[in-house]
Amino acid sequence: MKIGSSKSENSRQSRSHFGLALCLLGRSESVLLARGAGFDFVVVDMEHGPLGISELGQVASAGIAVGVTVYGRVTGPTSGDIARVLDCGASGVIVPHVDTPEQAAHIASICKFAPNGRRALPGPLPALDYGIVPAAELCQRAEQNTKVIAMIESAEALQNVDQIAATSGIDMLIIGSNDLADGIGRRGQLEHEDVRNAFSRIAIAARDNGCDLGVMGLPPALVRPYALDLGATRIVVTNDTNLIIEGGAAALTKVRR
């Protein structure tokens, strides 16, 4: 357990939340679409598509207004947008390709104000309704409900997962399912025993170090054994691209028949 961790057994046993990743639809209306469909949270994916910090800011502001949690996924541990995602209103930042405890410590430091880190003091924040508050209060309130999330998706990360999870300031581990399988030599073989064992190892590291656990990229049939049964509290169900393609194909199949 990390010294000074505020996470409790109850937080790890809270209900699972199901999310939608946005790869293309970076408009504020996307939050309402997600909420209308019943999703609990949204991830703005800035790693693999055209969405950037401007779209993240719009989606995050809409999320604040209607009570939907918004996370931003950046491009990696060296991204210049890690703390900026939080400044723009996201409830947490997802950092992919965190392979070492040194990288984990780096991203945690960027996201925490002194004396726990080196995050620069921002101006008025959307999460505080742009209110003008004393600097000490701004830092305390800004950090209170934000999450620093490390993605585990490589053989190196798996080898170092206990140290990554133990890093002060890391709140959650999230598994990139397909990249993890690929990284351990089991591309496209999510049901392989090696992949399942990797998921279990990551879940144990999260549990033993007071981190939440998240999963993305799983087919529905594997959500129970690879996520729910392992205590995952954040599960990204699908993304906007897949919804449009799969939903469109299903609709066309019906009408063509």
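Structure data summary
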read-out: Hits in the stretch 150-207 (condition: surrounded by fewer than 24 Cβ atoms within 10 Å (Cβ to Cβ), within 16 Å of the chain's Cα centre (by Cα) and part of a loop (DSSP other than H, G, I, E, B)); value: 169, 171
read-out: For residue 210: the one exception among (1) more than 14 Å from residue 101 (Cα to Cα); (2) assigned to a loop (DSSP other than H, G, I, E, B); (3) more than 17 Å from the chain's Cα centre (by Cα); value: (3)
read-out: Among the candidates 21, 37, residue that is crowded, with 23+ Cβ neighbours inside 10 Å and at pLDDT 95 or above; value: 21
read-out: Total residues in the stretch 101-138, condition over 18 Å from the mean Cα position of the chain (by Cα) and either closer than 16 Å to residue 73 by Cα or in a loop (DSSP other than H, G, I, E, B) (or both); value: 19
read-out: Residue 70 vs. criteria out of contact with any Cys (no Cβ under 6 Å at 6 or more places or on another chain), at pLDDT 95 or above and not in a helix (DSSP H, G or I); value: yes
read-out: Cβ pairs under 9 Å, 6+ apart, first in the stretch 54-81 and at positive phi, second of a type in the set (Ser, Thr, Tyr) and modelled with pLDDT of 95 or more; value: none
read-out: Members of the stretch 218-257 found to be out of contact with any Asp or Glu (no Cβ under 8 Å at 6 or more places or on another chain), hydrophobic (A, V, I, L, M, F, W, C) and in a helix (DSSP H, G or I), listed by number; value: 221, 223, 228, 230, 243, 244, 245, 249, 250, 251, 252, 255
read-out: Residue match in the stretch 240-255 (condition: under 29 Å from residue 112 (Cα atoms) and under 17 Å from the mean Cα position of the chain (by Cα)); value: no
read-out: Criterion violated by residue 44 - all others in (1) surrounded by fewer than 22 Cβ atoms within 10 Å (Cβ to Cβ); (2) closer than 17 Å to residue 234 by Cα satisfied; value: (1)
read-out: Filter pass, residue 179 being among the acidic types (Asp, Glu) and within 22 Å of residue 117 (Cβ to Cβ); value: no
read-out: Residue match in the stretch 55-67 (condition: of a type in the set (Gly, Ala, Ser), part of a loop (DSSP other than H, G, I, E, B) and out of contact with any Leu (no Cβ under 6 Å at 6 or more places or on another chain)); value: yes
read-out: From the options 155, 165, residue that is touching a helix residue (DSSP H, G or I) at 6+ places or on another chain (Cβ under 6 Å) and either of a type in the set (Ser, Thr, Tyr) or over 30 Å from residue 113 (Cβ atoms) (or both); value: 155
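The values are calculated or read from the model by the stated rules, or taken from the named source; none is laboratory data. Everything numeric here is computed off the predicted structure, so don't read it as measured data. Glycine gets a Cβ as well: all are built from the backbone with ideal geometry, and neighbour counts include every protein chain shown.
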